[in-house]
1. Taking the Cα atoms of segment 163-211, what is the range of coordinates along each of the three principal axes, in descending order and whole Å?
2. Could you sort 14-20, 274-280, 318-324 so that the peptide with the highest average Cβ count within 10 Å comes first and the rest follow in order?
3. Tell me, rounded to the nearest percent, the portion of alpha carbon pairs in the chain spaced more than 38 Å apart.
4. Mind ranking 182-194, 28-40 by how tightly packed they are, going by the mean number of other C-beta atoms within 10 angstrom, highest first?
5. Based on the alpha-carbon gyration tensor of segment 223-303, what equivalent-ellipsoid semi-axes (square roots of 5 times the eigenvalues) come out, in whole Å, largest first?
6. Residue-wise, which Karplus ³J(HN,Hα) couplings in Hz belong to segment 242-253, taking 6.51 cos²θ - 1.76 cosθ + 1.60, θ = phi - 60°, and x for glycine or proline?
7. Where the convex hull is taken over the Cα atoms of segment 136-195, what is its projected area averaged over directions, in nm²?
8. Which of the listed residues, VAL42, GLY139, THR260, is farthest toward the dipole's positive end in the chain, when Lys, Arg count +1 and Asp, Glu count -1 at the beta-carbon?
Amino acid sequence: MELRLRAPLDMHLHLRDGEMLRSVAPLSARDFAGGLIMPNLVPPVTTGEMVREYRASIEEAIGEEKFRPYMTLFFQEEYSYDFLKEVREEILAIKLYPAGITTNSEGGIADLSVERLAPVLEAMSALGIPLSVHGETDGFVMDREAQFIPIYEKLALRFPDLTIIMEHITTKEAVEALFRHENLYATITLHHLSITLDDLAGGLLRPHLFCKPIAKRPEDRTALRKMAFLGHEKVMFGSDSAPHPREKKEASHCAAGVFTAPVALPALAQLFEGAGVLENLQKFVSDNARRIYGITPPDKEVLLVKEKWRVPESYGGVVPMFAGEELEWRVESAL
Ligand code: NCD
Ligand code: ZN
């Protein structure tokens, strides 16, 4: 049995920089035709020059592979209309992080009042730059995403022409919000489709499944699965593949992030096939993102075959999701 995917896209991807970039970027570039590259480097990507440099180092790391890095800027209150106009052609979106909420987000936004954000959001709206958001408050960890929904809704109402992406949604509340606003969309990760909090912390602690936002309840996962399995036009795949060295994960103060890039397509195929909806995977991993972002990715067809393989224990010192386990589908080739 085989599955052909046209231009699969990963619309939320952490590639890091330096040695880590060189080790992980080829894995995404092999299986995907493009990805939305997160800007939470140290220091974060905040200028046109930094975007260009980062893009160049990604291109160097992936070599000849057909893969388009869709670049992002790290949201800053100081961005002017003129600056955004200038940088418009270099980026696909701007990513907003609440200050300190996740890995490398210390330079994020502390005051999320609409008035404070309005000047930049007005400019983005006028220039047609989508806003990508890590939507969590600093409340109780299980409630952070649900508590953030009113902020999403205020923004969606105040800026009806602004495309707003609720990144890596994990709750049924977030799914419900999608239906209340035409300009709200969401990415969903492989791990949030696969696990609940029980898999992470219900037995012995599994640090490689620890990420922000944290995996939630079975009913939340059901709501996410429903949207993904339908290939619903409001949602698209964003892996949030977030590599950290093994010693940062298997540690006191374990870093947040699940590394899924090398297993994403096989594991998604397995999930979708298990639900009897393999034909909807194309929408979830490519068509919806094309429409939401208005992009035309490079021509690339990825062929998956139903053939068992064992996921390596580590890729250059980074432990992937499903390490040491068997997956039923394998990426055969990409042309
Ligand atoms: C991400 C990372 O490591 O950069 N971590 C995570 O748990 N998802 C940041 C993020 O997307 O929150
Ligand atoms: Zn992320």
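1. Per principal axis, max minus min of the Cα coordinates gives 42, 15, 12 Å.
2. Values: 14-20: 18.1, 274-280: 13.9, 318-324: 20.6.
Packing proxy ranking, top to bottom: 318-324, 14-20, 274-280.
3. Everything past 38 Å amounts to 8 percent.
4. On the way: 182-194: 23.1, 28-40: 25.8.
In decreasing order of mean packing, 182-194, 28-40 become 28-40, 182-194.
5. Details: eigenvalues 144, 49, 34 Å².
Calculated on Cα positions only, the semi-axes equal 27, 16, 13 Å.
6. Once θ is set to phi - 60°, the couplings for segment 242-253 become 9, x, 10, x, 3, 5, 7, 8, 8, 8, 5, 6 Hz.
7. Values: hull surface 16.1 nm².
So the mean shadow area of the Cα hull is 4.0 nm².
8. Of the listed residues, the answer is THR260.
Quick note: the coordinates plus some simple rules give every number you see, no bench work behind them. What you are looking at is a predicted structure, and each value in this text was computed from that prediction instead of being measured. Neighbour counts are summed over all protein chains in view; Cβ atoms, including those assigned to glycine, are modelled from backbone coordinates with ideal geometry.
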